Amino acid sequence: MVDDLQNKNQDLIKQIKICKEENKILDKMHRQKVVEVEKLSLTVRELEEAVLAGGGAANAVRDYQRKVQEMNDEMKTLDRELSRAKVSANRVVVVVANEWKDANDRVMSVKQWVEDRRFMQGEMQQLRDKLTIFVLIFGFQVECIDAVEDISVFPVVCTNKEIYSLGTQIHDCSAKFVQAQVVAC
């Protein structure tokens, strides 16, 4: 009976050793799985941030496209105003020339004609300057759109360094745009 108990005791000790080994292996596997879950959680957070950044980039592209369309409309308006000013200047020249043909009716003197011509040329120059400024702003807008479109075609998974670089590009384009608008005012 004592031998039986000793044999059972030894069997139980062997089983305890086996269970301890299994427990060590399971603990090691559990730690590995926890590390994997943490890595995957970090990856999920990065992907969520990238998706949000992509949505922001898409909104920025739409905003810039809308602004470019507005600038194009303003440019057309300025072109029309410039054309009207040229037509008005030509009409003044024709009227003055016709008045000079009639020797009896010299209403406008040469001095006044020169002043009117300078005034019209000044208006035309102002319109040209406005048009030049809007062309510059339009160029900056196109640069910004290109930068934002480059961002929108980036893969979803990017490093923090790439995200920082893209943010810097957008900031530079925005600064150029603001600077051009200040010059326009």
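The values are calculated or read from the model by the stated rules, or taken from the named source; none is laboratory data. If you're wondering where the values come from, they're calculated on a predicted model, not measured in any experiment. All Cβ positions, glycine included, derive from the backbone under ideal geometry; neighbour counts span all protein chains shown.
When you check Gln126 against the structure, is it in a helix (DSSP H, G or I), polar (S, T, N, Q) and either at pLDDT below 80 or touching a His at 6+ places or on another chain (Cβ under 8 Å) (or both), yes or no? For Gln126, the condition - in a helix (DSSP H, G or I), polar (S, T, N, Q) and either at pLDDT below 80 or touching a His at 6+ places or on another chain (Cβ under 8 Å) (or both) - is not met. For segment 101-110, the criterion of being modelled with pLDDT under 80, surrounded by 14 or more Cβ atoms within 10 Å (Cβ to Cβ), out of contact with any strand residue (DSSP E or B) (no Cβ under 9 Å at 6 or more places or on another chain) and part of a helix (DSSP H, G or I) is met by none of the residues. Kindly evaluate Ile16 against the criterion of being among the β-branched types (Val, Ile, Thr) and either more than 53 Å from the chain's Cα centre (by Cα) or not in a helix (DSSP H, G or I) (or both). Criteria met by Ile16.
Inspect segment 165-185 for any residue being modelled with pLDDT under 80, out of contact with any Ser or Thr (no Cβ under 8 Å at 6 or more places or on another chain) and outside any helix (DSSP H, G or I) and give the result as yes or no. For segment 165-185, residues modelled with pLDDT under 80, out of contact with any Ser or Thr (no Cβ under 8 Å at 6 or more places or on another chain) and outside any helix (DSSP H, G or I): present. Look at Leu47 and say whether it is free of Cβ contacts under 8 Å to residues at least 60 places away in the same chain and hydrophobic (A, V, I, L, M, F, W, C). For Leu47, the condition - free of Cβ contacts under 8 Å to residues at least 60 places away in the same chain and hydrophobic (A, V, I, L, M, F, W, C) - is not met. Which residue out of Val114, Val61, Val95 is at pLDDT below 75, assigned to a helix (DSSP H, G or I) and among the β-branched types (Val, Ile, Thr)? Only one candidate qualifies: Val95. Based on what the data block shows, is Asp63 under 30 Å from Gln141 (Cα atoms), surrounded by 10 or more Cβ atoms within 10 Å (Cβ to Cβ) and not β-branched (Val, Ile, Thr)? So Asp63 fits the description; yes. A Cβ distance below 6 Å, combined with a sequence gap of six or more or placement on separate chains, defines the contacts here; from segment 63-85, residues that are touching a residue at least 24 places away in the same chain (Cβ under 8 Å) and at negative phi reach no residue that is in a helix (DSSP H, G or I) and exposed (fewer than 12 other Cβ atoms within 10 Å of the Cβ).
Going by what's in this entry, would Lys86 be described as over 30 Å from Glu143 (Cβ atoms), modelled with pLDDT of 80 or more and in contact with a helix residue (DSSP H, G or I) (Cβ under 7 Å, 6 or more places away or on another chain)? Yes; evaluated as a whole, the condition is true for this residue.
Each row is one residue, and each column tells you yes or no for (1) small (Gly, Ala, Ser); (2) exposed (fewer than 10 other Cβ atoms within 10 Å of the Cβ); (3) touching a helix residue (DSSP H, G or I) at 6+ places or on another chain (Cβ under 6 Å); (4) modelled with pLDDT of 90 or more.
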position	(1), (2), (3), (4)
Leu5	no, yes, no, no
Ile18	no, no, no, yes
Met29	no, no, no, yes
Glu36	no, no, no, yes
Leu47	no, no, no, no
Val51	no, no, no, no
Gly55	yes, no, no, no
